[in-house]
Amino acid sequence: MAEQTNKLGHRIGARGGRTRLAILDATRRLLTQRRFSEVRVADLAAEAGVSPSNFYTYFKSVEEPVLALSEQIAVEGDRLARHLQTDWTGERALEGARALVADMIALWRDHGPVLRIEHMLADQGDEAFAECRIRRLRRLHLALERRIAQAQSSGLLPEALSARLASYEVASLVEGVAAGIDLLRRADDDEAIVETTALIVVRLTTGR
């Protein structure tokens with residue numbers, strides 16, 4: 001959700017909203033051109049067509065607009081869980097898993113630079129980025145956990161398996177494929193990547 005006030009405590013009006021959006025768009029563009037460590041406030045301000053002092057009206061560091069973009073992506077991540085909420089009987093499980101993998105790949109295709117920085121800063125202990133990462137995948141984790149628990153209750157997966165931990169590991173697998181797809185393309189094409197990953201997801205989630 002966009003902030004309603006700027007760093008001075010003033011309400012952000014229509015003009016301020018456009019300025020803030022310009023800074024976010026500039027951040028997104030620069031992250032596709034440079035390493036995060038090379039981006040400075042002056043670079044973002046110049047790319048957005050504003051002064052550095054105007055930048056500081058809305059953000060206090062380079063990390064803040066990246067966090068704002070990460071928060072926007074977290075909302076998009078909610079759609080991933082819908083693929084686990086369809087009918088997963090028989091071959092439909094594979095259809096749902098394919099859709100999940102394809103959607104995760106699309107998310108990383110559209111937002112890869114921001115998501116990589118989110119992962120890096122979360123791994124370094126930044127709580128705000130860690131929470132964004134958790135929130136983006138929360139619904140997917142819950143949907144996976146329910147599917148895994150159902151398979152356990154049907155005797156298809158071992159009782160000793162932690163459904164919650166398994167849900168995190170399956171989600172990490174799918175996200176890892178999406179994040180590293182360029183490397184995987186050295187082994188096979190996109191269709192094979194999606195199909196193989198989907199088959200693994202079905203086996204780990206349903207026991208079938």
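Miscellaneous remarks
- Meets criteria (within 25 Å of Glu131 (Cβ to Cβ), in contact (Cβ under 8 Å) with a residue 12 or more places away in the chain and assigned to a loop (DSSP other than H, G, I, E, B)) for Ser70: no
- Residues that are of a type in the set (Lys, Arg) and closer than 28 Å to Ile193 by Cα, drawn from region 50-98: Arg79, Arg82, Arg92, Arg98
- A residue that is farther than 20 Å from Ala128 by Cα, at pLDDT below 90 and within 25 Å of the chain's Cα centre (by Cα) occurs nowhere in region 46-60.
- Ser172 being under 14 Å from Leu204 (Cβ atoms), among the polar types (S, T, N, Q), outside any loop (DSSP other than H, G, I, E, B) and open to solvent by less than 30 Å² (accessible area, probe 1.4 Å): no
- Among the residues of region 153-169, those identified as open to solvent by 40 Å² or more (accessible area, probe 1.4 Å) and either of a type outside the set (A, V, I, L, M, F, W, C) or within 15 Å of Ala93 (Cα to Cα) (or both) are Ser153, Ser154, Gly155, Leu156, Pro158, Glu159, Ser162, Arg164, Tyr168, Glu169.
- Residue within region 114-130 that is of a type in the set (A, V, I, L, M, F, W, C), farther than 30 Å from Thr196 by Cα and surrounded by fewer than 17 Cβ atoms within 10 Å (Cβ to Cβ) present: yes
Yes or no, residue by residue, for (1) closer than 30 Å to Leu30 by Cα; (2) touching a helix residue (DSSP H, G or I) at 6+ places or on another chain (Cβ under 6 Å):
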site	(1), (2)
Ala122	yes, yes
Glu131	yes, no
His141	no, yes
Ala151	no, yes
Leu165	no, no
Gly180	yes, no
Ala198	no, yes
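- Check on Ala81, within 13 Å of Arg135 (Cα to Cα) and touching a Cys at 6+ places or on another chain (Cβ under 9 Å): no
- Across region 2-45, the number of residues qualifying as open to solvent by 80 Å² or more (accessible area, probe 1.4 Å), at pLDDT 90 or above and not aliphatic (A, V, I, L, M) comes to 9.
- Pairing each residue of region 145-166 that is within 21 Å of Ala81 (Cα to Cα) and acidic (Asp, Glu) with any residue that is at pLDDT 95 or above and open to solvent by less than 50 Å² (accessible area, probe 1.4 Å), provided the two are 6+ apart or on different chains, yields C-beta distances under 6 Å for Glu145/Ala163; Glu145/Ser167.
- Residue within region 179-198 that is under 17 Å from Gly90 (Cα atoms), in a helix (DSSP H, G or I) and open to solvent by less than 30 Å² (accessible area, probe 1.4 Å) present: yes
- Arg139 under 17 Å from the mean Cα position of the chain (by Cα), open to solvent by 70 Å² or more (accessible area, probe 1.4 Å) and among the basic types (Lys, Arg): yes
- Scanning region 73-107 for residues that are open to solvent by 70 Å² or more (accessible area, probe 1.4 Å) and either farther than 21 Å from Arg208 by Cα or part of a helix (DSSP H, G or I) (or both) returns Val75, Arg82, Arg92, Glu95, Arg98.
The values are calculated or read from the model by the stated rules, or taken from the named source; none is laboratory data. All figures in this text were calculated on a predicted structure; none of them were measured in a lab. Glycine gets a Cβ as well: all are built from the backbone with ideal geometry, and neighbour counts include every protein chain shown. The area values use the complete protein model at the heavy-atom level, side chains included, leaving out ligands, DNA and RNA. Shrake-Rupley method; radii C 1.70, N 1.55, O 1.52, S 1.80 Å.
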